[in-house]
Amino acid sequence: MGAATNELCMPNVFRTSHNMWQDSYPMGKVAYERGYREIVTITWDYAGGKEDVEGFEDAFTEAGGEIIEQILVPFPSTEFQSYLTQIASLSPDAVYTFFAGGGGVSFVRDYAAAGLKENIPLLGSGFMTEGNLTALGDAGEGVLTTLHYAETLVSEKNQSFVSAYQEAYGDMPDAYAVHGYDTGAMLIQALDAVEGNTTDREALIAALAAVELQSPRGPLRFSKSHHPIQNIYLREIRNGRHEVLSVAHELLESPDADCQM
């Protein structure tokens, strides 16, 4: 969550992944540009889900849209039927959601089974579908998400990464794999800069803060609060893959006004 690189920031803490706001905020603008004006949001009633949905709401309401209902599901319940009935009765232009792991699979499947997907587009954080494509099957087709990576990104760096990952593990990489890969690459770059000397803590921190990568996810560097500045992509599931439709927000930097570092 955002606190680690905002109000709780420390010089020796570096986030190499994302925060919830960063991946959800761009979808608010996308939703409005697609003509959606009234949206229902739904997520688990816990900090991560609420932070994600707040990011979407910030951008969507700034653009002029309205959140007509915010539904909070007790964590970690995956009993969604009553909420889907409520959504159908509200008849919004679209639904924005954050669920992840098995909860994401259950929600997407139940949403499609309830017949909502054909009339009420489903938008979500990329972690609703990340790592879940096989489990989602046909229910995932057409779902739109925003995230800082997609396995289909067209770049020499990503294509090399995907090939190497498939050769090593027999599967397609996802954002979680990229996080680990980039963490290693950032450490290597910083250690090279200090010539392997890890005893000078301040020099190593400075070297990490100055790291810039051409990652499989695209250009990547740290903000002053050591949060990643990175592209966020709009993705649509097509034929069981996250196809990139556009860069939803280029080099997005998360708010860090509370960081006193």
**Spin-label model distance (nm) - Tyr176 vs Glu195, 7 Å beyond Cα toward Cβ** = 4.1
**Message:** Please list, ordered by chain and number, the residues whose modelled amide H lies under 5 Å from the amide H of Leu220; skip anything fewer than 5 residues away on the same chain.
**Reply:** Leu213, Ser215
**Request:** Can you tell me the dipole magnitude for the chain around its Cα centre, using point charges on the Cβ only (Lys, Arg +1; Asp, Glu -1), in Debye to the nearest 20?
**Result:** 260
**Prompt:** Using a 1.4 angstrom probe and counting only protein chains, how large is the accessible area of Thr85 in Å², to 10?
**Reply:** 80
**Message:** Let me spell out the model: positive unit charges on the Cβ of Lys and Arg, negative unit charges on the Cβ of Asp and Glu, origin at the Cα centre of the range 1-145. What dipole size does that give, in debye rounded to 20?
**Reply:** 240
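Among DSSP beta bridges lying fully in the chain, give the percent that are antiparallel, nearest 5. Don't skip to the end; give the middle numbers.
Working: 19 of 37 bridges.
About 50 percent, rounded to the nearest 5.
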**Message:** Given the options Ser17, Val53, Gly124, identify the residue whose Cα lies farthest towards the positive end of the charge dipole of the range 1-139 (+1 on Cβ of Lys, Arg; -1 on Cβ of Asp, Glu).
**Reply:** Ser17
**Asked** Of His227, Val154, Ala177, which is farthest on the positive side of the dipole of the chain, counting Cα position, with +1 on Lys and Arg Cβ, -1 on Asp and Glu Cβ, and the Cα centre as origin?
**Response** Val154
**Request:** Enumerate the calculated ³J(HN,Hα) couplings along the range 222-236 in order (Karplus 6.51 cos²θ - 1.76 cosθ + 1.60, θ = phi - 60°), each rounded to whole Hz, writing x wherever the residue is Gly or Pro.
**Result:** 9, 7, 4, 8, 6, 9, x, 9, 7, 6, 10, 10, 8, 10, 10
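Counting other Cβ atoms within 10 Å of each Cβ, which trypsin sites (Lys or Arg not before Pro) in the range 43-118 have at most 12 and sit in a DSSP loop? Before the final figure, lay out each step's value.
Values: sites: Lys50, Arg109, Lys117; in loops: Lys117.
Here no loop site has a sparse enough neighbourhood.
Accessible area, 1.4 Å probe, largest first: how do His249, His18 sort? Mind showing how you got there, number by number?
Numbers: His249 65, His18 25 Å².
Order by accessible area, largest first: His249, His18.
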**Asked** Which lysines have a Cα lying under 22 Å from the Cα of Lys29, excluding residues fewer than 8 positions away in the same chain?
**Response** Lys50, Lys117
**Prompt:** Excluding ligands and nucleic acids, what accessible area in Å² is computed for Tyr32 using a 1.4 Å probe, to the nearest 10?
**Reply:** 60
**Request:** Classify the range 158-220 as rounded, prolate or oblate, taking a ≥ b ≥ c as the square roots of the eigenvalues of its Cα gyration tensor: rounded when a/c is under 1.5, otherwise prolate if a/b is larger than b/c and oblate if not.
**Result:** prolate
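Shape verdict for the range 1-119, please, from the Cα gyration tensor: rounded (a/c under 1.5), prolate (a/b greater than b/c) or oblate.
Details: a/c = 2.39, a/b = 1.45, b/c = 1.64.
Here the range 1-119 falls in the oblate category.
The values are calculated or read from the model by the stated rules, or taken from the named source; none is laboratory data. Just so it is clear, the model here is predicted, and its values are computed rather than measured. Neighbour counts are summed over all protein chains in view; Cβ atoms, including those assigned to glycine, are modelled from backbone coordinates with ideal geometry. Just so you know, the surface numbers come from the protein's heavy atoms only, side chains and all, with ligands and any DNA or RNA stripped out. Shrake-Rupley method; radii C 1.70, N 1.55, O 1.52, S 1.80 Å.
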